[in-house]
1. Yes or no: Met127 at pLDDT 85 or above and among the aliphatic types (A, V, I, L, M)?
2. When only residues in the stretch 83-93 that are over 11 Å from Leu21 (Cβ atoms) and among the hydrophobic types (A, V, I, L, M, F, W, C) count, which is surrounded by the fewest Cβ atoms within 10 Å (Cβ to Cβ)?
3. Scan the stretch 124-146 and report the pairs whose first residue is under 23 Å from Gly23 (Cα atoms) and whose second residue is at pLDDT below 75 and among the hydrophobic types (A, V, I, L, M, F, W, C), with Cβ atoms within less than 7 Å and a gap of 6+ or a chain change.
4. What is the number of the single condition among (1) at pLDDT below 85; (2) within 20 Å of Arg137 (Cβ to Cβ); (3) among the hydrophobic types (A, V, I, L, M, F, W, C) that Ile6 does not meet?
5. Scan the stretch 100-125 residue by residue and report those that are within 20 Å of Ala31 (Cβ to Cβ) and either touching a Leu at 6+ places or on another chain (Cβ under 8 Å) or buried (at least 16 other Cβ atoms within 10 Å of the Cβ) (or both).
6. Could you list, in sequence order, all residues of the stretch 89-127 that are of a type in the set (Gly, Ala, Ser) and over 20 Å from Glu39 (Cβ atoms)?
7. From the residues in the stretch 26-43 that are surrounded by 15 or more Cβ atoms within 10 Å (Cβ to Cβ) and in a helix (DSSP H, G or I), which one is modelled with the lowest pLDDT?
8. For the stretch 52-68, does any single residue satisfy the condition of being surrounded by 16 or more Cβ atoms within 10 Å (Cβ to Cβ), under 17 Å from Met129 (Cα atoms), among the acidic types (Asp, Glu) and at pLDDT 85 or above?
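The values are calculated or read from the model by the stated rules, or taken from the named source; none is laboratory data. Because the structure is a prediction, the values reported are computed rather than measured. All Cβ positions, even for glycine, are placed from backbone atoms using ideal geometry, and neighbour counts span all protein chains on display.
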Amino acid sequence: MANRDIPVSDPVRQSVAKKILDGIEKLAEEAQAATKPLEVDPYRARLFEFFVTADGAGLVGDERSSSLGDSEARPDDETDLSADGLCRSIARRWGLDMAARDSAAQQTKLASDQLERMRVLWSVMRMWMEWNYAWCRWQEFHAGPPRQADGMVGG
């Protein structure tokens, strides 16, 4: 729903993305400390505000037609706030990317704190993808009734 025709400089994109990532990280830590899921308010509402800000800055994109292999962003690009990019950045910040690789290589389980953070990250990713899908299709369902050739509304 953002106006993607307005150019935004790279330093501004980086600053906005960093603030969003920092905010999501802090929010996740608050939810964990309170032993509350991110899916309930006030956490869900605050996470949605981060989504709206990211979308407004043109950092989310339309994920309906992309796949994991389509990503043009560099793996270390923190301005990619698609669901995949967001989770990749947070996983890197939390050390989950390396922990998962080590766990797979050594065929061991993740430590319980890492597993809990992985669950939190999955919650973020799931909600982010759902909001992106709904946000991208909003216009489709709010465009108004189709008009007939004679100017009459409806059928």
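1. For Met127, the condition - at pLDDT 85 or above and among the aliphatic types (A, V, I, L, M) - is met.
2. Restricting to residues being over 11 Å from Leu21 (Cβ atoms) and among the hydrophobic types (A, V, I, L, M, F, W, C), the top hit is Ala91.
3. Every condition considered, the pairs that remain are Trp135/Met1.
4. With (1) at pLDDT below 85; (2) within 20 Å of Arg137 (Cβ to Cβ); (3) among the hydrophobic types (A, V, I, L, M, F, W, C) applied to Ile6, the lone miss is (2).
5. Of everything in the stretch 100-125, those that are within 20 Å of Ala31 (Cβ to Cβ) and either touching a Leu at 6+ places or on another chain (Cβ under 8 Å) or buried (at least 16 other Cβ atoms within 10 Å of the Cβ) (or both) turn out to be Leu110, Gln114, Arg117, Met118, Val120, Leu121, Ser123, Val124, Met125.
6. From the stretch 89-127, those of a type in the set (Gly, Ala, Ser) are 89, 91, 95, 99-100, 103-105, 111-112, 123; that's our starting set.
Correct list: Ser89, Gly95, Ala99, Ala100, Ser103, Ala104, Ala105, Ala111, Ser112.
7. Ranking the candidates gives Gln32 first.
8. yes
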